[in-house]
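Input: a single structure, listed below in structure tokens.
The values are calculated or read from the model by the stated rules, or taken from the named source; none is laboratory data. This one's a predicted model, so the numbers in the text were calculated from it and none came from an experiment. So basically every Cβ, Gly included, is an ideal-geometry build from the backbone, and we count neighbours across all protein chains shown.
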Amino acid sequence: MIYFLRGLFWTGVYLALVLTPMIVLLLAPLPPGNGFWGDLSASLGFAGTAMMGVMFVLTARFRRATTPFGIDVIYYFHRQIALVAVGFILAHPAILLAEDPTLWRLFNPRFTPGHLWSGIISFLALLLLTAASLWRKELNIHYDEWRLWHAVLATLSLASAILHIEGVGYYTRSSFNNFLWILITASWIAILLYVRLVKPFSLMKRPYRVKQVIPERGDAWTLVLSPDGHAGLRFLPGQFAWLTLFHSPFALKEHPFSISSSASLSGEIHFTIKELGDFTRRIKEASPGTVAHLDGPYGAFSIDRAPAPGYVFIAGGIGIAPIMSMIRTLADRKDERPLILIYAYKNWERLTFKEELSDLGKKLNLTSIVVLQEPPTDWQGERGMVTEELLRRHIPEEEVSNGWEYLICGPVPMIQGVEKSLHRLGVPLSRIHSELFDLV
Amino acid sequence: MRLLLAKAFAAATGVLILALAILFSLTQNPSP
């Protein structure tokens, strides 16, 4: 309930931030109108720019504000609301040019006023960053390069948009409106300074050292870090952190990974990372003593946020990492509640944590069901995908109605499919929790 | 569920802003 109320509060704060420029336009004394379409275009431009400014707040990882929702869903929302903002910003020039085609003459460089150049730069930077975000993989853009260019283009686009607004200056002639845009600009610069300077500096003061890199089945590696000169992170089992390794926290080269160790373990923290890209392939090269930095913990995906008489965990591939953290924590707490783990993987030999899960089965009231896509010929267990029929076979009806909680982690299509199946089996959506990976 | 809520909230915010933009344009340019 406390998370729900906090969520409502921060949702209200977001709405207030994003709606303020429109409300000020409506309430403040203004010069005469420019015709319905001209003013609709201008107000959509104001709204789109304000929404872009608030994107910097959304993605600044303010822990107090993101905790009620889980930061994965904040990034998902950022992606959705960004498309709405881009729509408004595209509509701004489109409406003006459709209503008065003679304005095209201003695009002749000899007649282009300075404020229009700012608008054009803002518009093009926004189009580039949107295309790169929607089709990063199709365009073969490396994640680190994408992150750097996303930050640069977003900053360029917003700065140019503000110059454009101030340059046109029609509605900002009203002192209240002008004050608002100065305030928006100052807040935005303060957030940039916080994210790019203050936060990396605070991470520098809390370094970690690589203690060990343990090879796991299925091309995965467990990176064991120890805090260097401080107490380390306190986290809920299932949460994640942004890891910077081989670089300074100022380098913008950090990657989110789930913590796989028990929340009861003190003095070290484990991340189990599958080799999927350039950075993850280098994890095994980290020698003991290498400096690392962690920004976290984040995430709402945890048994500790969903008390229940029993849990069903559903993992796909390396989605087992946060679930291992929860199962290990339950084992350390000597928890006796019944647990079901449904673990989908490609094949038996590469199954990450195969042996440890078998050992944990002896310590906990844990039933493990492994679902293999490429089972060996003598495999007697489940095969294929995690379907509704499979879930029905392994989750007794009384557990569906007894208030158990369901935690799913894996590829997005699997999460969406399993959520639908569970819901059809009668599990209320409020009892289904998931952690999204791979948002961009 | 969180994804559905996030998507619905993004859509609702967009509709609300568009409605305010239309309201602003109408109040700023009353029909004669």
- prompt: So which pairs qualify, if the first residue must be in the range A:193-205 and surrounded by 12 or more Cβ atoms within 10 Å (Cβ to Cβ), the second must be of a type in the set (A, V, I, L, M, F, W, C), the Cβ gap must be under 6 Å, and the two must be at least 6 apart or on different chains?
  reply: A:Val195/A:Ala60; A:Pro200/A:Phe250
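Answer with yes or no whether A:Ile314 is assigned to a strand (DSSP E or B) and not polar (S, T, N, Q).
Details: assigned to a strand (DSSP E or B): yes; not polar (S, T, N, Q): yes.
Yes, satisfied.
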- line: Exactly one of A:Val57, A:Val86 is within 17 Å of the chain's Cα centre (by Cα) and either more than 12 Å from chain B (Cβ to nearest Cβ) or at pLDDT 90 or above (or both), and that residue is A:Val57
statement: The one condition A:Gln80 fails out of (1) surrounded by 14 or more Cβ atoms within 10 Å (Cβ to Cβ); (2) at pLDDT below 90 is (2)
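With respect to A:Gly426, is the statement that it is more than 13 Å from chain B (Cβ to nearest Cβ), over 30 Å from A:Leu134 (Cα atoms), assigned to a helix (DSSP H, G or I) and of a type outside the set (Val, Ile, Thr) true?
On the way: more than 13 Å from chain B (Cβ to nearest Cβ): yes; over 30 Å from A:Leu134 (Cα atoms): yes; assigned to a helix (DSSP H, G or I): no; of a type outside the set (Val, Ile, Thr): yes.
No: the conditions fail for A:Gly426.
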- request: Return yes or no: is A:Pro31 touching a residue at least 60 places away in the same chain (Cβ under 8 Å), surrounded by fewer than 19 Cβ atoms within 10 Å (Cβ to Cβ), farther than 16 Å from B:Ala11 by Cβ and within 11 Å of another protein chain (Cβ to nearest Cβ)?
  value: yes
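Within the range A:293-301, is there a residue that is of a type in the set (Gly, Ala, Ser) and loosely packed, with under 14 Cβ neighbours inside 10 Å? Give the steps one after another, and end with the answer.
First, pick out the residues of the range A:293-301 that are of a type in the set (Gly, Ala, Ser): A:296, A:299-300.
After this cut, where a residue has to be loosely packed, with under 14 Cβ neighbours inside 10 Å as well, the list is none.
Taking every residue of the range A:293-301 in turn, none turns out to be of a type in the set (Gly, Ala, Ser) and loosely packed, with under 14 Cβ neighbours inside 10 Å.
With the structure loaded, tell me whether A:Gly45 is small (Gly, Ala, Ser), crowded, with 20+ Cβ neighbours inside 10 Å and either touching a Lys or Arg at 6+ places or on another chain (Cβ under 6 Å) or modelled with pLDDT under 90 (or both) or whether it fails that test. Quick ask: steps written out before the conclusion?
Numbers: small (Gly, Ala, Ser): yes; crowded, with 20+ Cβ neighbours inside 10 Å: yes; either touching a Lys or Arg at 6+ places or on another chain (Cβ under 6 Å) or modelled with pLDDT under 90 (or both): no.
Judged against the criteria, A:Gly45 is not a match.
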query: Out of (1) aromatic (Phe, Trp, Tyr); (2) touching a residue at least 12 places away in the same chain (Cβ under 8 Å); (3) under 23 Å from A:Ala91 (Cβ atoms), the odd one out for A:Trp135 is which?
result: (2)
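Has the range A:346-353 got any residue that is over 30 Å from the mean Cα position of the chain (by Cα), assigned to a loop (DSSP other than H, G, I, E, B) and either aromatic (Phe, Trp, Tyr) or buried (at least 18 other Cβ atoms within 10 Å of the Cβ) (or both)? Please lay out each step first, then the result.
Step one: of the range A:346-353, the residues over 30 Å from the mean Cα position of the chain (by Cα) are A:348-349.
Pick out the ones that are also assigned to a loop (DSSP other than H, G, I, E, B) and you get A:348-349.
Adding the requirement that they be either aromatic (Phe, Trp, Tyr) or buried (at least 18 other Cβ atoms within 10 Å of the Cβ) (or both) leaves A:348.
Checking the range A:346-353: at least one residue is over 30 Å from the mean Cα position of the chain (by Cα), assigned to a loop (DSSP other than H, G, I, E, B) and either aromatic (Phe, Trp, Tyr) or buried (at least 18 other Cβ atoms within 10 Å of the Cβ) (or both).
Across the range A:212-223, which residue is nearest to A:Pro288 (Cα to Cα) among those that are more than 23 Å from the chain's Cα centre (by Cα) and buried (at least 17 other Cβ atoms within 10 Å of the Cβ)? Break it down into steps so the answer makes sense when it comes.
At the first step, the residues of the range A:212-223 found to be more than 23 Å from the chain's Cα centre (by Cα) are A:212-219.
Then keep just the ones that are buried (at least 17 other Cβ atoms within 10 Å of the Cβ); that gives A:213, A:216, A:218.
Values: A:Val213: 8, A:Glu216: 17, A:Gly218: 22 Å.
Looking at residues that are more than 23 Å from the chain's Cα centre (by Cα) and buried (at least 17 other Cβ atoms within 10 Å of the Cβ), I get A:Val213.
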